[in-house]
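Structure, as structure tokens:
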Amino acid sequence: MPSADVSVRVAWADDAHAIAVVQVRGWADSYRDLLPEGALPDDVDAVAAAWHGSLTRPTDARNRVLVALERNRVVGFAVTMPATDPDCDPIADGEIAEFVMDPPERRLGHGSRLLQAAADTLIADRFTRAVTWVIASDDARRAFLTSAGWAADTAHRELDLDGTGTTTVKQVRLHTALA
């Protein structure tokens, strides 16, 4: 019986366009009910250029981008890095800063593999705790993370996405101990 050809690996600069496609589609799906039309990037080439720059010149050796693959096709990505919140310890606390799945690829196991790989990457970078921010109303994302052992840690924030106070997103922080 043939096995599925799925994996997770560190992203290469050549993955920039594929990551951008997933980001544009994933963000459009995740944020469509929260943000006004036109608030999200939709120019895949511009997003790909930004990704290419960050993949070729990371600002910290512990900033990593992982890609979930179905055969050689990128179906999701995660960004791990030292946690940046003022109440976090950047030596002990790592963060999953982005976790985006291509909408048609959700609920197929890619997200679980990607989440485990992100945790393994944070452990390899010697972090002992991981945090991530989730939109407060995203029950599906929160359920996915809590089923994997994450829990709310009482931190919350409201992001002003356009600088005017008219487009805001409420988020809660989840955390987990890394073994």
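A few notes on this one:
- Among (1) free of Cβ contacts under 8 Å to residues at least 40 places away in the same chain; (2) surrounded by fewer than 14 Cβ atoms within 10 Å (Cβ to Cβ) - the single one Gly109 does not satisfy: (1)
- Of the criteria (1) more than 23 Å from Ala20 (Cβ to Cβ); (2) in contact (Cβ under 8 Å) with a residue 24 or more places away in the chain, which one Ala97 fails: (1)
- The set of residues from the stretch 112-134 being more than 23 Å from Val6 (Cα to Cα) and exposed (fewer than 14 other Cβ atoms within 10 Å of the Cβ) comprises just one member, Arg126.
- Just one of the numbered conditions (1) crowded, with 16+ Cβ neighbours inside 10 Å; (2) closer than 12 Å to Phe99 by Cβ is not true of Ala148: (1).
- For the stretch 169-176, the count of residues that are modelled with pLDDT under 95 and part of a loop (DSSP other than H, G, I, E, B) is zero.
- Boolean, Thr80 is β-branched (Val, Ile, Thr), buried (at least 21 other Cβ atoms within 10 Å of the Cβ) and under 28 Å from Ala124 (Cα atoms): yes
- Within the option set Leu55, Leu40, being out of contact with any Leu (no Cβ under 7 Å at 6 or more places or on another chain) and closer than 22 Å to Ser137 by Cα holds for one residue only, Leu40.
- Some residue of the stretch 129-141 being among the aromatic types (Phe, Trp, Tyr) and closer than 16 Å to Asp29 by Cβ: no
- Leading residue by the ranking (modelled with the lowest pLDDT) among those in the stretch 108-133 that are in contact with a strand residue (DSSP E or B) (Cβ under 9 Å, 6 or more places away or on another chain) and farther than 17 Å from Asp93 by Cα: Leu108
- Residue ID - modelled with the highest pLDDT, chosen from residues in the stretch 134-163 that are assigned to a strand (DSSP E or B) and in contact with a Ser or Thr (Cβ under 8 Å, 6 or more places away or on another chain): Ala151
- Residue match in the stretch 120-133 (condition: farther than 16 Å from Leu174 by Cα, touching a residue at least 40 places away in the same chain (Cβ under 8 Å) and within 16 Å of the chain's Cα centre (by Cα)): yes
- For the stretch 23-60, the tally of residues that are closer than 22 Å to Pro82 by Cβ and of a type in the set (Lys, Arg) stands at 1.
The values are calculated or read from the model by the stated rules, or taken from the named source; none is laboratory data. Keep in mind it's a predicted model, so treat the numbers as computed, not measured. Here the Cβ is made from the backbone with ideal geometry for all residues, glycine too, and neighbour counts use every protein chain on show.
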